[in-house]
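Encoded as structure tokens, the structure appears first; notes follow it.
The values are calculated or read from the model by the stated rules, or taken from the named source; none is laboratory data. Quantities reported herein were computed from a predicted structural model and do not represent experimental measurements. Every residue, glycine among them, receives a Cβ derived from its backbone with ideal geometry; neighbour counts consider all protein chains shown. Remember, those area values only see protein heavy atoms, side chains included, never the ligands or the DNA or RNA. Shrake-Rupley method; radii C 1.70, N 1.55, O 1.52, S 1.80 Å.
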Amino acid sequence: MKFDILKPETVAGVGSSGKDEVCVFPTDETATIHDKLFILAEGNDASGTKAAEVFTQTFADQMFQNTCADEPLEENVFNEALFAAMDKMDEDSPDSKGIQCAMLYLHRHGVLAAHSGQVRIYHVRPKERRLLYKSKDNECALVPGKLPVGEPVKAYITNVKYGDYFVILSKSLGQVVSDRELMDVLCEPVNDKTKSVRLQKKASASDAGFAASVIHISGVMSEAMDESLFENEGKLMAAMLADIEKNRKLAADAKMDEKDKQDKLRPDTDKNPRKVEPETEEEYYPESTGEEPRKREFPIVTATALALVLLAIGIWFWAQQQKHDDSIVQEEVENKGKAKEKDTINILKNTQPKAVSVDDTKIKEEEEKKKEEKKEEKKENITINQEKMDEGTTVVSGESSTVTNTPATPAQDKTATSPQPATPPTTPATTQPATNTPPPTTSPQSDGTVKPRPVIPEGE
């Protein structure tokens, strides 16, 4: 396998005591994306700074001379570089009390992580918020002129993916920053520079000098031979967790024993049992380690299923929208056709003669009857008016005279007892010859008044 990394971020500083006992390689100024070797050495005393610098420089030179980044690392090459650095440290700083160190090397067969003392190495996967590996503190120290108490603990790591972080922390920084705080910093969605600055702010509470290296994996190219590579990262992490759990149980049992002793010394009046408060964990550890279980793939499967469901819903909505648009277009076409049919029907209705229904004929007959009745009423009114006029006047053609009966006034009653005949009017020459009518005669029983006779029209 081959690795690609982003520019490593290095943090180093002096604590409140003003002592700088840590040496880191490469420094922040010399770090590049092509670096494969990372070293952090911390002295055990004030004179340990020189020893740390000598060890770091010698070890790096030996590794560059005898290794190639694109080739697998042989274990004997690593041991030879370690012994050469210790010999050089014995020559240059024999009075030093020794150093603690950690080495990280990216090569063709994976990642080699070796440490001695309390300098820590972390392997973190932010995508899963998971701590894959944390080096276990030991008492191994590299002291000049003496054989090491034990060999550095080596972890062979092949379970590396894009986005993983490798972090090296000095002893002083590891005591200040807990595992949970480190996870919170590395899992934040910010760049590596910001993460290193936040680590530096947390390290400002330390008394001694501090240093840290943050390596971000930006690419991993797997090969066929990667399946047969040796790996002990999961086993080391599981063993460390088992030891931690065992120590916690022992500590809890010891506390319970002390509480039981105190309860026995108390008087019998205190019969209420005391509840044991749960202990708070200061450090963060994952629930499981080792190989990645299959349940870790569940989020990917879920995301894929959700994406497919959303795609299907989108296609369904698009199809419904298309149907709606087609129905609207079809309705418009049908409405236009119906409008044309209505226009043609109206035109035909206007051009064709209207058929006369039975109701129309009845209405017309009634109207005609009403008109005839009105005419007859008019005729009757005319005849009645004519009769009323004839009652007051008598018209005689030719030599006939018209006698007008007017009611006598009281003065006339005194002077005249009988009516005087009216002078006959002269008829024009063009009128027809007058017929002689007998003069009116009065009946013996009349009161002296002359009643006009009805005029009979000619031809009757």
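General remarks:
- The candidates His123, His109, His34, arranged from most to least accessible area with a 1.4 Å probe in the full protein assembly, appear as His34, His109, His123.
- When +1 charges are put on Lys and Arg Cβ atoms and -1 charges on Asp and Glu Cβ atoms, the dipole computed for region 112-223 relative to its Cα centre reaches about 160 debye.
- Separation in nanometres of the label points that stand 7 Å from Cα toward Cβ, at Ser218 and Ala303: 2.1 nm
- Full-extension gain in nm, Leu310 to Lys378, via 0.36 nm per residue minus C-alpha separation: 15.3 nm
- Full-stretch length increase - Lys364, Met256 - with 0.36 nm per residue and alpha-carbon distance subtracted: 26.7 nm
- Cα lying deepest toward the dipole's positive end in region 28-163, options Ala85, Cys140, Ile121, charges on Cβ: Ile121
- Under 20 Å from a label point set 7 Å out along the Cα-to-Cβ vector of Tyr162, no amide N atom of region 68-85 is found.
- Each Lys or Arg adds one and each Asp or Glu takes one away; over the other residues whose Cβ falls under 15 Å from the Cβ of Lys7, this sums to -3.
- Of the whole protein surface, Ile315 contributes about 100 Å² of accessible area at a 1.4 Å probe radius.
- Structure note, pairs Lys88/Lys193; Lys171/Lys246; Lys7/Lys136; Lys336/Lys364: Cα-Cα distances above 30 angstrom occur for Lys88/Lys193; Lys336/Lys364.
- Karplus-derived HN-Hα couplings along region 210-216 (A = 6.51, B = -1.76, C = 1.60, θ = phi - 60°), whole Hz, x at Gly and Pro: 9, 6, 7, 10, 10, 10, 10
- In this label model, Phe317 and Lys127 are separated by 2.9 nm, measuring between points 7 Å along each Cα→Cβ vector.
- A 1.4 Å probe, protein heavy atoms only, puts the accessible area of Arg180 near 110 Å².
- If the segment from Ala46 to Glu245 were pulled out straight at 0.36 nm per residue, it would be longer than the present Cα-Cα gap by 68.1 nm.
- Ranking Ile121, Ile345 by solvent-accessible area of protein heavy atoms (1.4 Å probe, all protein chains present), from largest to smallest, gives Ile345, Ile121.
- Arg248 accessible area, 1.4 Å probe, all protein chains in place, Å² to nearest 10: 70 Å²
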